[in-house]
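The values are calculated or read from the model by the stated rules, or taken from the named source; none is laboratory data. This is a predicted model, so every value here is computed, not measured. Using ideal geometry, Cβ is built from the backbone for each residue, glycine included, and neighbour counts are taken over all protein chains shown. The accessibility values were calculated without ligands, DNA or RNA, using every heavy atom of the protein model including side chains. Shrake-Rupley method; radii C 1.70, N 1.55, O 1.52, S 1.80 Å.
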There are 2 protein chains.
Amino acid sequence: MNFQKRKQQILEKLNTDGDIDVKQVALELSASEITIRRDLNQLADDGLLYRTHGGAMRIDQVVIPHQFVNKAAQNVEAKDKICRAAANEIHDGDIVFMDCGSTVHRLCQFIKNKKIKVITNSLPVVYELQNSLVSLNIIGGEFNAERQAVHGSMANEHISHYKATRAFLGVDGISRNGLFANSELEADITRAFAAQSKKTYLLCDESKIGRETYLRFGTLEMIGAVITNSRSNELEYFRKEGVKVVEV
Amino acid sequence: MNFQKRKQQILEKLNTDGDIDVKQVALELSASEITIRRDLNQLADDGLLYRTHGGAMRIDQVVIPHQFVNKAAQNVEAKDKICRAAANEIHDGDIVFMDCGSTVHRLCQFIKNKKIKVITNSLPVVYELQNSLVSLNIIGGEFNAERQAVHGSMANEHISHYKATRAFLGVDGISRNGLFANSELEADITRAFAAQSKKTYLLCDESKIGRETYLRFGTLEMIGAVITNSRSNELEYFRKEGVKVVEV
DNA sequence: TTTAATTTGTTCAAAAATAATCAAATTCAA
DNA sequence: TTGAATTTGATTATTTTTGAACAAATTAAA
């Protein structure tokens, strides 16, 4: 067995086990310990692992925040239906705002092969799209670890510099009386997104329709379309107000 | 059997096995080893396989390291020493710029318990500090996946809105003639950081001292201190220019 | 803290693979 | 067929890889 082959096997083992031990690797690959040590040193020089005493550890790349993943896993089928419909609205060349909602996040998987620009305040979105055809623009400002996103006045100013063809946003509630958010920060950035995009899409699963929580921050005029799996009567009011309703 | 025929068979075998061995191929195709070696070299020149000692591998089997991670694991002890010294300079209440260099990234682990604000264009820094006492501000702008960081005019403008007490930066080279970078984007953002911070620290392992690469983008006046493990004579020039040199 | 065990780097030698050189065999065109 | 060009194989010197031995450094234990 040559170095390249060993290298491959070592990395494979490291990937499954998380950490490895010189002695055991030497035994498994039937090479001497000194050889394995040399291999590990070389791999460490190439940045493929961390060398430890007696072995090596995997370099943990960017970690996906669990909290976010958990929330994102709720109501998956409905969200995916909504996102598929949303993705159909996006075409090559579009400049797209995406906010930090969990539904919007699921949109990522459907747009990886589109030649578009995405401007977002959500780190999970960045993480999801970083190795795709999508060109990314991160909105700057104060970072909130819980939301995994950027908010605040600097973020709003950042958005004001750009003009997008479409914005895909989430809200905490929407009714005939307008749009609702759980915090001022979220309300502000949603307003900023909507103001700077030609067309604004709200991605809402059924739980959001007709819901009025904490802070009313805008009217239905702000948005161009709602994409939802809901069949609520409330949707009729939206249509009356000139909001396009896409039922999935 | 002629070369074209052998070439075909070699590639076929490589495709099924993933890697091949000069001796065995020579035996199977009843040609001498030197002939097979020549074949392999030619195929490698054409980019059809990856030549190894004793054989060859399929191109797609060769592991390509991620650039950021790659650099992060190099010269770890020196970087940690430098970062420990750098962390000593940081005190509660500080506003700190951190750029996207691999040395600066290692500084994270030493400052997690400090009550400071960190303003950064580096996503790995954000990930590292997101569950710490540090309050984070992300610099907005166009995201570069390879560097895992934000650069560009928007980023520079973002920085201009803030004033930091300290900046911890990396460069690709520093000599008595000034500071050197590998790209204009990096040069610009480094300049922006330095301009907006009261004191600028350069974290440089020995490989950077005296090195003059690609683009000279600033003079020694821009920086207040260099923290390094180098013992180069070049450091004397830095002191003469009023740069504080911290040797670790 | 001191001591023992383990791990590591260094040096050297053996083994394997390779490149370089040249001669023999093969191919191809005239 | 002849002869030039190309391909192939053999030989030898060089390079690379590997492993062993031992001193230095690091870690764990007492």
Original post:
Taking region B:148-167 as the search range and keeping residues that are away from chain A (no Cβ under 11 Å) and either out of contact with any helix residue (DSSP H, G or I) (no Cβ under 8 Å at 6 or more places or on another chain) or touching a residue at least 60 places away in the same chain (Cβ under 8 Å) (or both), which one is surrounded by the most Cβ atoms within 10 Å (Cβ to Cβ)?
Top reply: B:167
**OP:** Could you check residue B:125 against (1) among the hydrophobic types (A, V, I, L, M, F, W, C); (2) facing chain A (nearest Cβ under 10 Å); (3) assigned to a helix (DSSP H, G or I); (4) more than 18 Å from residue B:191 (Cβ to Cβ) and say which number it fails?
**Re:** (2)
Original post:
When you scan region A:34-51, how many residues do you find that are on the phi < 0 side of the Ramachandran plot and more than 8 Å from DNA strand D (Cβ to nearest atom)?
Top reply: 12
Subject >> Output for region A:20-60, where each listed residue is away from chain B (no Cβ under 14 Å), open to solvent by 30 Å² or more (accessible area, probe 1.4 Å) and either assigned to a helix (DSSP H, G or I) or within 11 Å of DNA strand C (Cβ to nearest atom) (or both) >> reply: A:21, A:23, A:24, A:27, A:28, A:32, A:33, A:34, A:37, A:54
Original post:
Would region A:230-240 turn up any residue that is under 26 Å from the mean Cα position of the chain (by Cα) and in contact (Cβ under 8 Å) with a residue 24 or more places away in the chain?
Top reply: yes
Subject >> Answer residue from region B:61-76, given it is of a type in the set (A, V, I, L, M) and more than 12 Å from DNA strand C (Cβ to nearest atom) and is modelled with the highest pLDDT among those >> reply: B:62
**OP:** Kindly establish whether residue A:186 is of a type in the set (D, E, K, R) and either surrounded by fewer than 22 Cβ atoms within 10 Å (Cβ to Cβ) or not assigned by TED's automatic domain parsing to the domain that holds residue A:117 (or both).
**Re:** no
**OP:** Mind listing whichever residues of region A:79-96 are in a loop (DSSP other than H, G, I, E, B) and of a type outside the set (Asp, Glu)?
**Re:** A:90, A:91, A:93
**OP:** Would you mind finding the one in A:26, A:56 that is in contact with a helix residue (DSSP H, G or I) (Cβ under 6 Å, 6 or more places away or on another chain) and either among the charged types (D, E, K, R) or closer than 25 Å to residue B:79 by Cβ (or both)?
**Re:** A:56
Subject >> Residues located in region A:1-19, provided they are open to solvent by 90 Å² or more (accessible area, probe 1.4 Å) and part of a helix (DSSP H, G or I) >> reply: A:12, A:15, A:16
Original post:
If you check residue A:178 against the conditions, is it touching a strand residue (DSSP E or B) at 6+ places or on another chain (Cβ under 8 Å), under 30 Å from residue B:118 (Cβ atoms) and open to solvent by less than 40 Å² (accessible area, probe 1.4 Å)?
Top reply: no
Original post:
Taking region A:97-113, which residues are in contact with a Gly (Cβ under 9 Å, 6 or more places away or on another chain) and outside any helix (DSSP H, G or I)?
Top reply: A:99, A:100, A:101
**OP:** Mind telling me which of the residues A:170, A:152 ends up being at pLDDT 95 or above and at positive phi?
**Re:** A:152
**OP:** Scan region B:130-147 and report the pairs whose first residue is more than 7 Å from every other protein chain (Cβ to nearest Cβ) and whose second residue is modelled with pLDDT under 90, with Cβ atoms within less than 6 Å and a gap of 6+ or a chain change.
**Re:** B:132/B:112; B:133/B:113; B:146/B:67
